[in-house]
Amino acid sequence: MPKRSERLDQVFRALSDPTRRAVLKRLSRGPAPTLELARPFGMSLPSFTQHLGLLEGCGLVKSQKTGRVRTYELDPEPLRAAEHWMTKQRKLWEGRLDRLDAYLLTMKENDDGGKE
């Protein structure tokens, strides 16, 4: 379990940065080489490749080098794990809020009943 939790932490860390989210959005349309991915961002190539390294380290992207060109592609599996975690959390909190709502309605009904 700690390994899975650590992996999930890495995915959320990767998703916390707008540059990395933009790279993932671009890769959702298909594979792209490093220079194409870096073009829209006003940063040095070494700085940009650190973002790619983080994305690759947590498994959100895979890369393949052909000659001098490294091409990246999206791996959606870690996103599915993050989505699964968020879905479980949403269900948990929806249940808690539903119980709170029911409790508050009961309190209101009991309070209104005493006024008549």
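None of the figures in this text is laboratory data; all of them are computed from the coordinates on show. If you're wondering where the values come from, they're calculated on a predicted model, not measured in any experiment. Counting neighbours? That spans all protein chains shown, and the Cβs are built from the backbone with ideal geometry, glycine included.
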*Qualifying trypsin sites (Lys or Arg not before Pro) in region 1-95, DSSP loop, other Cβ atoms within 10 Å at most 14*: ARG29, ARG68
*Most mobile of LEU35, LEU52, LEU15 per a Gaussian network model of the chain (Cα springs, under 10 Å)?*
LEU35
_Cα-centred dipole magnitude for region 2-75, charges only on beta-carbon of K, R (+1) and D, E (-1), debye, nearest 20_ = 100
*Once both labels are modelled 7 Å past Cα along the beta-carbon direction, what's the ARG39-LEU104 spacing in nm?*
5.1
*Along each of its three principal axes, how wide is the spread of alpha-carbon positions in region 2-75, in whole angstrom units, largest first?*
37, 26, 23
*Which of GLY67, ALA22, PRO40 sits closest to the plus end of the dipole of region 2-75, meaning its Cα is farthest towards the positive end, when Lys and Arg get +1 and Asp and Glu get -1 on the C-beta?*
GLY67
*Would you give the gap between the C-alpha center of region 21-36 and the C-alpha center of region 49-82, rounded to a whole Å?*
9
*For the chain, modelled as a GNM with alpha-carbon contacts under 10 angstrom, which of LEU45, LEU37, LEU60 fluctuates the most?*
LEU45
*By how many nm would the segment from THR71 to GLU94 lengthen if fully extended, with 0.36 nm per residue of separation less the alpha-carbon distance?*
4.1 nm
*For the chain, find the longest principal axis of its Cα atoms and tell me its angle to the long axis of helix 18-27, 0 to 90°, nearest 10.*
70
